[in-house]
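The values are calculated or read from the model by the stated rules, or taken from the named source; none is laboratory data. Please read these numbers as outputs of a predicted model, since none were measured by experiment. Cβ placement follows ideal geometry from the backbone for every residue including glycine, while neighbour counts extend to all protein chains displayed. All accessible areas refer to the heavy atoms of the entire protein, side chains included, with ligands and DNA or RNA removed. Shrake-Rupley method; radii C 1.70, N 1.55, O 1.52, S 1.80 Å.
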Amino acid sequence: AEINKKLKKPEPWKHAQPLTEAQLNKMRDEFWETAPYYGGQKEIWDALRAAAESDLNFAQTIVDSAGIVVTSADMTTCYDERGL
C-alpha cells in the first residue's frame, strides 16, 4: 500500500439518532481519551487528534513531523514509525 498519502477530508459520518453539538463533542472527547488504551503511544494519539481537528495543510504537517504513516488519505488507518 502507498504510504504517507496526501490527506483528504473523510466522508461525512452520520449517527443513527440526531445529536446535539455537545453530545457529539462528548463522543469525540471519549474517543480520544480512550484511544491510547488500544495501543500506540499517547504522543502519537495526541498528534492524530491535533491533525484531525486542524485544516488539511496543517494536518499534513503534523502527521509528517510526528512520523505518522498514513495508509488511508482520510486518516482512518494510520500507524507510527514503529508500526503501532
- Among the chymotrypsin sites (Phe, Trp or Tyr not before Pro) within the range 1-45, which fall in a DSSP loop and have no more than 10 other Cβ atoms within 10 Å of their own Cβ? Trp13
- Message: Suppose all protein chains stay in the model; what accessible area per residue would a 1.4 Å probe give for the chain, in Å²?
- Response: 76 Å²
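What's the longest uninterrupted piece of the chain once you rule out the trypsin sites (Lys or Arg not before Pro) that are loop residues per DSSP with at most 16 other Cβ within 10 Å? Intermediate results must be reported in sequence, preceding the final value.
Working: sites that count: Lys5, Lys6, Lys8, Lys14, Arg82.
Free of exposed loop sites, the longest segment is 15-81.
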- Item | the chain: angle of helix 42-52 to the longest principal axis, Cα-based, in degrees nearest 10 | 70 degrees
- Query: Going by alpha carbons, how many degrees (0 to 90, nearest 10) lie between the helix axis of 21-34 and the longest principal axis of the chain?
  - Reply: 40 degrees
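Using the Cα centre as the reference, give the magnitude of the dipole from point charges on the C-beta atoms of the chain (Lys, Arg: +1; Asp, Glu: -1; all else neutral), rounded to the nearest 20 debye.
The dipole of the chain has a size of about 200 debye.
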- Item | With at most 15 other Cβ atoms within 10 Å, longest stretch of the chain clear of loop GluC sites (Glu not before Pro) (DSSP) | 3-52
- Query: Where does helix 56-66 land angle-wise versus the long Cα axis of the chain, in degrees 0 to 90, nearest 10?
  - Reply: 50 degrees
- Can you pull the percent of the chain's accessible area that's carbon plus sulfur, 1.4 Å probe, other chains left in place? 54 percent
- Query: Highest GNM mean-square fluctuation, the chain, Cα pairs closer than 10 Å: which of Leu19, Leu56, Leu48?
  - Reply: Leu19
- Keeping every protein chain in place, order Thr77, Thr71 by accessible area at 1.4 Å, biggest value first, i.e. largest first. Thr77, Thr71
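Can you put Met75, Met27 in order of accessible area, largest first, using a 1.4 Å probe?
Per-residue accessible area, sorted high to low, gives Met27, Met75.
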- Note on the structure: Computed D for the chain, Stokes-Einstein, Kirkwood radius over alpha-carbon pairs, 10 °C, 1.306 mPa s, to the nearest µm² per second, is 116 µm²/s
